[in-house]
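This report refers to the structure that appears directly beneath it.
The values are calculated or read from the model by the stated rules, or taken from the named source; none is laboratory data. Remember, predicted model here, so these are calculated numbers, not experimental data. We place every Cβ from the backbone using ideal geometry, glycine too, and count neighbours over all the protein chains shown.
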């Protein structure tokens, strides 16, 4: 992404990308509880995480690095991506 996620240009950029993947962000945003503290950036993050999880499950996402390097807490240090 070119712009920060909390700036209007960054929000628009992410909305376009997610809309292209079939996410109806207007409908999702309208379904948030009236006094929700979740912002549009939180909704965008949730959609991205959902998309990545689906790609991991269907086998189209890959971990970088592929090896299981762990941090000092024992957590895997990997980024998942799905080439287009």
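Inside region 23-44, can you point out the residues that are within 28 Å of residue 78 (Cβ to Cβ) and touching a helix residue (DSSP H, G or I) at 6+ places or on another chain (Cβ under 9 Å)?
Of the residues in region 23-44, the ones within 28 Å of residue 78 (Cβ to Cβ) are 23, 25, 28, 38-44.
Within region 23-44, 23, 25, 28, 38, 40, 41, 43, 44 meet the criteria.
Of the residues 32, 28, only one is surrounded by 12 or more Cβ atoms within 10 Å (Cβ to Cβ), modelled with pLDDT under 90 and part of a helix (DSSP H, G or I); which? Show your work before the answer.
Values: 32 fails: part of a helix (DSSP H, G or I).
Selected residue: 28, the only one of 32, 28 that is surrounded by 12 or more Cβ atoms within 10 Å (Cβ to Cβ), modelled with pLDDT under 90 and part of a helix (DSSP H, G or I).
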- request: Hey, could you check region 27-75 for residues that are in contact with a strand residue (DSSP E or B) (Cβ under 8 Å, 6 or more places away or on another chain) and touching a residue at least 24 places away in the same chain (Cβ under 8 Å) and say which is nearest to residue 17 (Cα to Cα)?
  value: 52
- prompt: Condition test on residue 13, is it assigned to a helix (DSSP H, G or I) and within 23 Å of residue 81 (Cβ to Cβ)?
  reply: yes
message: Checking residue 6 against (1) loosely packed, with under 14 Cβ neighbours inside 10 Å; (2) in a loop (DSSP other than H, G, I, E, B); (3) modelled with pLDDT of 90 or more, only one condition comes out false. Which one?
response: (3)
